[in-house]
Every structure is written in C-alpha cells, then in structure tokens.
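The values are calculated or read from the model by the stated rules, or taken from the named source; none is laboratory data. Please read these numbers as outputs of a predicted model, since none were measured by experiment. Glycine gets a Cβ as well: all are built from the backbone with ideal geometry, and neighbour counts include every protein chain shown. Side chains are part of the model used for accessible areas, which takes the heavy atoms of the whole protein and leaves out ligands, DNA and RNA. Shrake-Rupley method; radii C 1.70, N 1.55, O 1.52, S 1.80 Å.
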Amino acid sequence: MENRKIIENVLACPVCKEQLLLTEDARSAYCAGARRHLFDFASAGYLNLYASRASGGDGGECVGARTAFLSKGYYEKISDAVNALLDKYTAQDAKVLDAGCGEGYYTNRMAKGCSRTVFGFDLAKPAINTAAKSAKRNGDGNAFFGVASAYSLPVISGSMNAVTTIFAPCAEEEYARVLAEDGILLLVGAAEEHLIDLKRAVYDDVYKNEGRRDLPGELFELLEERRLTYTIELPTNEDIQNLFAMTPYYYHTSVKDKEKLASLSSLCTKVDVELFIYKKK
C-alpha cells in the first residue's frame with residue numbers, strides 16, 4: 001500500500017474544515033470534527049474531497065490526449081524548469097501543492113527522486129485517477145492526489161511551503177491561505193508566441209497570446225520571472241491532434257478549421273512559456 005500517512009497534519013475536511021486523519025487500516029480518512037466525516041480512498045489511491053456532488057474539469061477524452069502527448073516528453077523542459085525553481089527556493093523536504101494538476105505529469109516529476117512531498121489537486125476525477133495510478137505504478141510514495149477545487153482546497157492553513165499552478169487558474173487568496181509564512185508561489189503560463197505555428201496551421205488570422213492576466217497582486221511579492229522558449233517537432237498526426245485537444249483553442253474552433261489539421265503528417269511549433277516566482281508577504 002502506498003504511503004498514505006503523508007496526508008496527516010496537511011489535509012482538512014472539505015465539509016467542516018477540521019483536520020483529516022487516517023483510519024487504522026489506512027483505507028479511509030476521517031475528520032476530527034464532531035460528525036467525523038468519512039472519505040474512502042479510491043482503488044487508484046486518491047481521495048475525492050470535492051464538497052459538491054457535481055463533477056467538473058476535463059473529461060476523459062481530453063485527459064487521454066494530454067497524457068499521451070506529455071508522456072512523449074515534449075514539455076519536459078517546462079517540467080525541468082519548474083523543478084529547478086523549486087530546488088532553488090524551497091528546502092529539500094518542502095511540502096508542495098500543485099493546484100489544477102490535471103493528469104499529474106508535472107506533479108509526479110516534482111516528487112520523483114527527491115524528498116519533497118507533493119499534493120496534486122484537480123476538479124477532474126478522470127485526471128486525478130490517471131495521476132494517482134501513475135504515482136502508484138512508478139512508486140512515487142511522496143505524491144498524493146485528490147479531487148478538489150483550487151478555489152477551496154482541502155488543506156490546513158499555513159501547511160504548504162510552495163504552491164505551483166501550471167497552465168491553471170491562480171486563486172490568489174486561497175494560495176496565500178494554505179502557504180506558510182514566506183511560502184513560494186510558482187506560476188507557469190503561455191507567453192505571446194506559445195504554439196503559434198500550431199495556430200497558423202488552423203486559423204487564417206493568428207493573434208499572439210496576451211500572457212497571464214491573473215498574476216497575484218497585494219498578497220505576494222514577485223521574486224523572479226523567467227521565459228522559456230524552444231521548438232518541438234511532432235512527427236505524427238496523432239501527436240498534432242493530441243496537442244490541439246489539450247489546448248483551450250480546441251473548444252472554440254469550428255469543425256471546418258479543425259479539419260485543417262487532419263491533412264498534416266508532421267508539425268514544427270514553438271513552445272513559449274513564462275515562469276513567475278512569488279513570495280507570500
């Protein structure tokens with residue numbers, strides 16, 4: 001059984017906000033509150049800590065496309081840059097929360113081969129299921145995954161040393177709440193020419209990205225900003241389709257424009273991202 005004790009002194013009940021504890025058999029977690037709300041671990045090893053019964057986040061098709069694309073290492077340089085910044089700004093045994101972690105590609109690489117403890121949360125149950133299975137398969141015992149919203153994290157206040165949000169929304173007030181004093185916030189977003197060659201293959205009129213518009217304000221101080229730019233070569237139409245399916249453009253593109261990608265057997269496109277490191281004030 002994977003290491004589930006890492007959740008103690010970290011996770012909070014999504015209903016009453018009391019601390020979550022493990023049952024004796026480690027198959028469930030319960031809160032220290034009077035009503036002792038109970039949450040069972042899924043077979044993959046994650047907890048569903050989303051207070052609402054409604055589902056959310058990406059569906060299985062999108063998760064599958066993203067998993068297939070990322071598994072080929074096209075965004076490995078982004079992951080390496082994130083890990084290098086965590087190494088620079090946090091202690092070796094830091095507790096890190098990856099908000100909007102999706103299928104856990106970046107999260108599991110944060111936890112691999114180091115003493116960090118990493119907690120990944122996302123609203124999409126299919127994504128969290130994939131992430132948890134990957135962690136179990138690779139023996140990443142210091143990675144934990146749960147279904148939860150970035151705007152209402154089931155985490156004890158002040159328990160995290162760092163929060164990362166990679167191509168996901170920035171919930172500034174919630175991140176400030178869960179971070180310890182002088183905790184670190186690391187954001188990654190698309191820079192102005194990210195995937196611009198992919199866009200040129202789809203659209204007649206191509207506009208550059210505006211960059212992140214949800215950067216922190218009063219609660220954080222900017223420490224460092226980096227830009228990472230490189231080119232990827234996609235040798236198959238499957239890779240091209242998987243990349244497009246994991247972008248926001250996929251949901252706002254006409255069938256006619258989507259069909260333009262069907263004739264492409266390969267594609268070379270620029271990856272252009274910005275990384276921001278903030279410290280909690």
>> Being open to solvent by 10 Å² or more (accessible area, probe 1.4 Å) and at pLDDT 95 or above is the filter here; which residues of the stretch 242-263 pass it?
In response: N242
> Is it the case that some residue within the stretch 56-64 is β-branched (V, I, T), buried (at least 22 other Cβ atoms within 10 Å of the Cβ), within 19 Å of T165 (Cα to Cα) and touching a Gly at 6+ places or on another chain (Cβ under 6 Å)?
Replying inline: no
> If you scan the stretch 24-38, which residues turn out to be hydrophobic (A, V, I, L, M, F, W, C) and loosely packed, with under 11 Cβ neighbours inside 10 Å?
Replying inline: A34
> Can you name the condition, by its number, that E238 falls short on among (1) open to solvent by 50 Å² or more (accessible area, probe 1.4 Å); (2) under 21 Å from the mean Cα position of the chain (by Cα)?
Replying inline: (2)
> Hey, does the stretch 107-120 have a residue that's open to solvent by 10 Å² or more (accessible area, probe 1.4 Å), basic (K, R), closer than 22 Å to L21 by Cα and over 13 Å from the mean Cα position of the chain (by Cα)?
Replying inline: yes
> If L85 passes every condition in (1) modelled with pLDDT of 95 or more; (2) open to solvent by less than 30 Å² (accessible area, probe 1.4 Å); (3) in a loop (DSSP other than H, G, I, E, B) but one, which one does it miss?
Replying inline: (3)
> Among the residues of the stretch 4-28 satisfying the criterion of being in contact (Cβ under 8 Å) with a residue 24 or more places away in the chain, assigned to a strand (DSSP E or B) and not polar (S, T, N, Q), which is farthest from G120 (Cα to Cα)?
Replying inline: L20
> With G146, G120 as the choices, which residue is assigned to a strand (DSSP E or B), touching a Gly at 6+ places or on another chain (Cβ under 8 Å) and free of Cβ contacts under 8 Å to residues at least 60 places away in the same chain?
Replying inline: G120
>> Looking at the stretch 7-17 only, could you name the residues that are out of contact with any Leu (no Cβ under 7 Å at 6 or more places or on another chain) and either open to solvent by less than 30 Å² (accessible area, probe 1.4 Å) or modelled with pLDDT of 95 or more (or both)?
In response: V10
> Given the conditions (1) surrounded by fewer than 20 Cβ atoms within 10 Å (Cβ to Cβ); (2) farther than 21 Å from F41 by Cα, and given that N138 satisfies all but one, which numbered condition is not satisfied?
Replying inline: (2)
